[in-house]
1. With no solvent and one point per C-alpha, what does the Debye sum give as log10 I(q)/I(0) for the chain at q = 0.08 Å⁻¹?
2. Within 10 Å of each candidate Cβ there may be at most 16 other Cβ atoms; applying that plus a DSSP loop requirement, which trypsin sites (Lys or Arg not before Pro) in segment 1-99 survive?
3. Let me check I've understood the local charge: for residue 86, count other residues with C-beta under 10 angstrom from its C-beta, Lys and Arg +1, Asp and Glu -1. What total comes out?
4. Which net charge results for the neighbourhood of residue 17, defined as the other residues with beta-carbon distances under 10 angstrom from its beta-carbon, given Lys and Arg at +1 and Asp and Glu at -1?
5. GluC sites (Glu not before Pro) within segment 28-111: which are DSSP loop residues with at most 14 other Cβ atoms inside 10 Å?
6. What is the local net charge at residue 42, summed over the other residues whose Cβ is closer than 11 Å to its Cβ (Lys, Arg +1; Asp, Glu -1)?
7. What is the calculated FRET efficiency for residue 3 to residue 173, with r their C-beta to C-beta distance and R₀ = 25 Å, to the nearest 0.05?
8. For residue 72 and residue 159, FRET efficiency with R0 = 35 Å and r from the beta-carbon atoms, rounded to 0.05?
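Readers should treat all values here as calculations from the given coordinates under stated rules, not as data from a laboratory. The model shown is predicted, which means the values in this text are computed figures rather than measured ones. All Cβ positions, even for glycine, are placed from backbone atoms using ideal geometry, and neighbour counts span all protein chains on display.
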Amino acid sequence: MLETDLLPWIEAVGALGDDVLEIGPGPGLTTDLLSRRVPRLTAVEVDAGLAGPLPRRMEGTNVEVICADATASGLEPDRFSGAACFTMLHHMPSPVDQDRHFAEVNRVLRAGAVFVGTDSRDIDWIREAHADDIFVPVDPDTPADRLAMAGFVDTVLGVEDYQFRFVTRKPERS
């Protein structure tokens, strides 16, 4: 699915640039896809159990893995040429944390940079799959407003059967 569905969508969005941030890579399946398409990739993962093995697997590649909280990463401001988060927002403990995450991504992106993301919708079978896990789904009617509150512009949102996708960008400097 990543190769046949997610990747073509990412490529249609346009270039993410030369220094890309991936938030919440988990075991690194999307990291593998992104790393083959960008010169430099920084993956921020809060779960130490996942962030531990991923750096070893990415050793010698163009990927740096950091174990950090996506709401306060400590990364330099205005550094990244693009950012991505795939199916991780619902793992954040609250909508407030999700909004802090959006603001943090805006802080670390360069002016004009693109931010792409996907997340699961609140559907019974997805909720059941998260019975022993955090599941705080994002209402697909709200991301455009929430991203705007974090400082993003030109958000395009697509709602599908089991997920939603967004593309937005940090404004150019005026």
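1. -0.21
2. Counting only loop positions with at most 16 other Cβ atoms within 10 Å, the trypsin sites (Lys or Arg not before Pro) in segment 1-99 are 36, 37, 40, 79.
3. -1
4. My count for the surroundings of residue 17 gives 0.
5. Passing sites in segment 28-111 are 59.
6. Result for the local shell: -3.
7. 0.10
8. For R0 = 35 Å, the calculated efficiency reads 0.75.
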